[in-house]
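These notes concern the structure reproduced below.
The values are calculated or read from the model by the stated rules, or taken from the named source; none is laboratory data. Note that the structure is predicted; figures quoted are calculated from it, not measured. Methodologically, a virtual Cβ is constructed for each residue, glycine included, from the backbone with ideal geometry; neighbour enumeration extends over all protein chains shown. Side chains are part of the model used for accessible areas, which takes the heavy atoms of the whole protein and leaves out ligands, DNA and RNA. Shrake-Rupley method; radii C 1.70, N 1.55, O 1.52, S 1.80 Å.
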Amino acid sequence: MSNRGANTESTRDELRSEQEFVDGLYARVDALRGDTEHSVTDALAQGSTPMQARLERDVLVAERSGFLAALNAVDGSLCFGRIDLTSGVTHHIGRIGLRADDAERTPMLIDWRAEVARPFYLATGHTTMGLRRRRHISTDGRHVTGLHDEILDLGDETRTGYEDPSGDAVLLAALDSARTGRMNDIVQTIQAEQDEIIRAPHRGVLVVEGGPGTGKTAVALHRAAYLLYEHRELLAKRAVLIVGPNPAFLGYIGEVLPSLGETGVLLATVGELFPGLKATAADTVRAATVKGRAEMADVLAAVVRDRQGLPDPVIAIEHDRDILMLDAGLVSMARERTREAKLPHNVAREHFEGHILNTLTEMVAERIGTDPYDGSNLLDPSDITQIRDDLAENREVWAAIDQLWPRVTPRRLVADFLAAPEGYVSEADAEAVRRPVTRAWTTADVPLLDEAAELLGEDDRVARAQAERERSSQVAYAQGVLDVSYASRTYEFEDLDAEDSEVLSAHDIIDAERFAERHEEDDLRSAAERAAADRTWAFGHIIVDEAQELSPMAWRLLMRRSPTRSMTLVGDPAQTAEPGGVGSWEDILAPYVQDRWEHARLGVNYRTPTEIMDLAAAVVRAERSDFEPPRSVRSTGVRPWVRAVDGGGPADLAGAVEKAVGELAPVEGRLAVIAPRELHGELAARLDGVEAGAEPDLTRDVVLLDPRQAKGLEFDSVLVVEPGAFGTSDLYVALTRATQRVGVLHQGELPVALAAVGT
């Protein structure tokens, strides 16, 4: 806490005044919660079963609408700032907005996303935006622990004793604080360049590019919260999708939006975007690259077309003690007519069925209905219809149709292709992607499944028939209820005179169909929950982190989820590590929006100290001499170290890692050991409490990762093991995860940029 002028009565009064305000805020929050609890208790006390059912539904809807959930999520950190205007007006700024319980509904706390709060982030001594003072308020739970004031109107001589001349105390305190294994929101320290991106218009595609530590992920998450605030009606219905590179990353960022009062956002990896499936297996680099190519869309289209077969040479169908022969010529004609409709395979099947039935009907009609003397047709239209109906009851007819134009699921199509890819891709690519049908799905498979689902479509005739049967059953039940009600009422009032008998009954005001509609079960799932279960869902906005890593096939999947092309793409081409990644923004977006996209760049590194950033930049410059890293805002005075490990065996390296972890772990915060995946088993066995796995627990004091798992994460200390095994991009990522210190251990050859660094 800035403490100039401390121990004065005015200083104590300032702190006491803010504490009283915060106490008033929480009194209001407690009242809101209490009102809800009392409403529930009072309604339940009425003891009506229908009332209870409606109440439970309404409470659930209220909880899912987010306000009570938002109150709970931000509890303990509601208010973080205050702006004092030259006009004498004062506004307190917080994570959500709150109003007083008075007739005017007076604002008590201004949501940080409101336009009136923007000067808190943008005002400077040169552009005061009408402010004379900006105050940062630090809290621990509901207790105010510190104040930091910035004087913007230099003509105002009033002082509180909490002045911070640099205005950076809160930012630097946040940067130097120990990490917890979970990302914190930056709402209290949003910088001007970040604010511009957060509040940018949401229509179209916005690319946010920034090097390590520039806060691009945090900016994207705060942008999601801002868009949900600014366009609540639209986005609450369509939901916002945030796509991350791996499950560990999603766990790392998972608490940010709830802390900002937003709980209705879907977070997912690409491997989780096919409903009912979660990718758990891993591909080889070669296999993932092949599967991610844009040409795979044409490959799968060819696989689908090959499912639309021809007889070899004919299919014989027994019908009414006769044999009907379907040859390749007849079926080919039906197939081409069906393809002309340009419908997905399963949807088009209904057309194919019609063409085959018509062809067989013509055969039968010609055989039994032709006059043997003059060749005229003896059958009338009703006879033709009867023949067609009879054929439609023949199981052999449907067996032939199933053989020639089978119903296919996306999983079956892709699994069969991967089991036997020969003939669709090159011999080398086929060898890379071939796998048993029973093997688990990988992340690279999910875009293939999505592509297959688009090509196949869904024949919903069975589902529609089932729904209609259920609907008829509900209407019949409702009619029975009304009939019982009517009979009971008739008996009750049979002795009343004519005037009294005019009282309306249920039969008079509602019919069975409307009665059934009123009792249909409401879908109480949030928009995000419904979107997760619906492959065809169109999201209101999509945010993609580490966007440069996604393959062309993954982009096809995501673009289907965003027909309006309302997206925020976050990444850094310098950190592209996946061989199948597109990398270039132009290459990613040109097929979908041409050049109609906006580009913003974050150039300030808030995470990585200068000493570490200089070393990481040297690694990239060894390959790209023109590389310019983001500018670090701070220096710790602690330089990275590089040590060679004596001995040549894995056990020697593991022992050295164990010793180095013992040196670094006592330092406050969290330590990441970033090593090649093939060393993880040996290292995990030597490090107490450390596990090797695809989804590490980032809340542990020490975690073991490879560079791909570390993308987007940050730790207080990082130990890089065998950097020579990493590519340039992976090593750049590994070195830039630390906020305080970095060490390097190696047995193998060092990259040139690291060779000059001493112990």
* Asked: What are the ³J(HN,Hα) values, in whole Hz, obtained from phi via the Karplus relation 6.51 cos²θ - 1.76 cosθ + 1.60 with θ = phi - 60°, for each residue of region 685-690 in sequence order, with x given for Gly and Pro?
  -> 5, 9, 9, 5, x, 9
* To do: Report, to the nearest whole %, how much of the accessible area of the chain belongs to carbon and sulfur atoms, 1.4 Å probe, protein only.
  => 50
* Could you list the residues of region 568-587 with an amide nitrogen less than 14 Å from a label point located 7 Å from the Cα of T728 in the Cα-to-C-beta direction? => 573-577
* Where in region 724-742 does the label zone of A622 land, with the point 7 angstrom along Cα→C-beta and an amide N cut-off under 15 Å? -> 724-736
* Structure fact -> Distance in nm between R99 and L378 label points, each 7 Å along Cα→Cβ, equals 8.5
* Structure fact -> Proximal lysine pairs in the chain, meaning Cα under 29 Å and 8 or more positions apart or interchain, come to 10
* Taking the highest mean first, how do the peptides 295-301, 734-740 order by number of other beta carbon atoms within 10 angstrom per residue? -> 734-740, 295-301
* To do: Pull up all non-local amide H partners of V207: gap of 5 or more, or a different chain, and H-to-H distance under 5 Å with H placed in the peptide plane.
  => L569, E598, H599, A600
* **Solution diffusion estimate, µm²/s, Stokes-Einstein, region 92-131, Kirkwood Rh from C-alpha pairs, 37 °C, viscosity 0.692 mPa s** => 296
* Net length gained if the chain between D595 and L154 were fully extended (0.36 nm per residue, minus Cα distance) -> 154.2 nm
* Asked: What accessible area per residue, rounded to a whole number of Å², is obtained for region 92-210 using a probe radius of 1.4 Å?
  -> 43
* Whether region 214-277 is rounded, prolate or oblate, judged on the alpha carbon gyration tensor where a/c under 1.5 counts as rounded -> oblate
* Spin-label model distance (nm) - A301 vs E20, 7 Å beyond Cα toward Cβ -> 7.3
* Asked: ³J(HN,Hα) across region 250-256 via Karplus (A = 6.51, B = -1.76, C = 1.60, θ = phi - 60°), whole Hz, x for Gly/Pro?
  -> 5, x, 5, 9, x, 9, 5
* Asked: Could you give the accessible area per residue of region 659-756, probe 1.4 Å, as a whole number in Å²?
  -> 37
* Asked: Are there GluC sites (Glu not before Pro) in region 156-202 that DSSP marks as loop and that have at most 10 other Cβ atoms within 10 Å, and which are they?
  -> E157
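What is the extension gain from E663 to T699, computed as 0.36 nm multiplied by their sequence separation minus the C-alpha to C-alpha distance, in nm to one decimal?
Details: separation 36, 0.36 × 36 = 12.96 nm, distance 1.95 nm.
The E663-T699 span can extend by a further 11.0 nm.
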* Asked: Mind checking the dipole of the chain: about its Cα centre, +1 per Lys or Arg Cβ, -1 per Asp or Glu Cβ, Debye to the nearest 20?
  -> 2920
* To do: State, in angstrom, two size descriptors of region 701-750 derived from its alpha carbons: Rg to one decimal place and Dmax to the nearest whole number.
  => 10.2, 29
* To do: Please name whichever of H345, L330, A287 sits farthest to the positive end of the charge dipole of region 252-390, dipole taken about the Cα centre and charges placed at Cβ: Lys and Arg +1, Asp and Glu -1.
  => A287
* Segments 605-614, 318-327 sorted - mean Cβ within 10 Å per residue, highest first -> 605-614, 318-327
* Which percent, nearest 5, of DSSP beta bridges in the chain are antiparallel? -> 35
* Structure fact -> Counting only residues 5 or more apart in sequence or on a different chain, those whose built amide H sits under 5 Å from that of N605 are R631, S632, V633
* Answer with one residue from L175, A415, F539: the one whose Cα lies farthest towards the positive end of the charge dipole of the chain, charges on Cβ with Lys, Arg +1 and Asp, Glu -1. => L175
* Structure fact -> Per its Cα gyration tensor (rounded if a/c is under 1.5, else prolate when a/b beats b/c, else oblate), region 94-177 is best filed as oblate
* Asked: What distance in nm separates the simple spin-label points at T564 and T280, each placed 7 Å from Cα in the Cβ direction?
  -> 3.7
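Ratio of alpha-carbon Rg to the 2.2 N^0.38 Å globular estimate for the chain, to two decimals, please.
Against the compact-globule rule of thumb, the ratio is 1.24.
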* Could you tell me whether region 126-229 comes out rounded, prolate or oblate from its Cα gyration tensor? Rule is a ≥ b ≥ c as square roots of the eigenvalues, rounded for a/c under 1.5, then prolate if a/b exceeds b/c, otherwise oblate. => oblate
* Structure fact -> The alpha-carbon center of region 96-130 and that of region 135-213 are separated, in whole Å, by 15
* Structure fact -> Given backbone amide H placed at 1.01 Å from N, residues whose amide H is under 5 Å from that of G81, ignoring those fewer than 5 places away on the same chain, are I93, I137
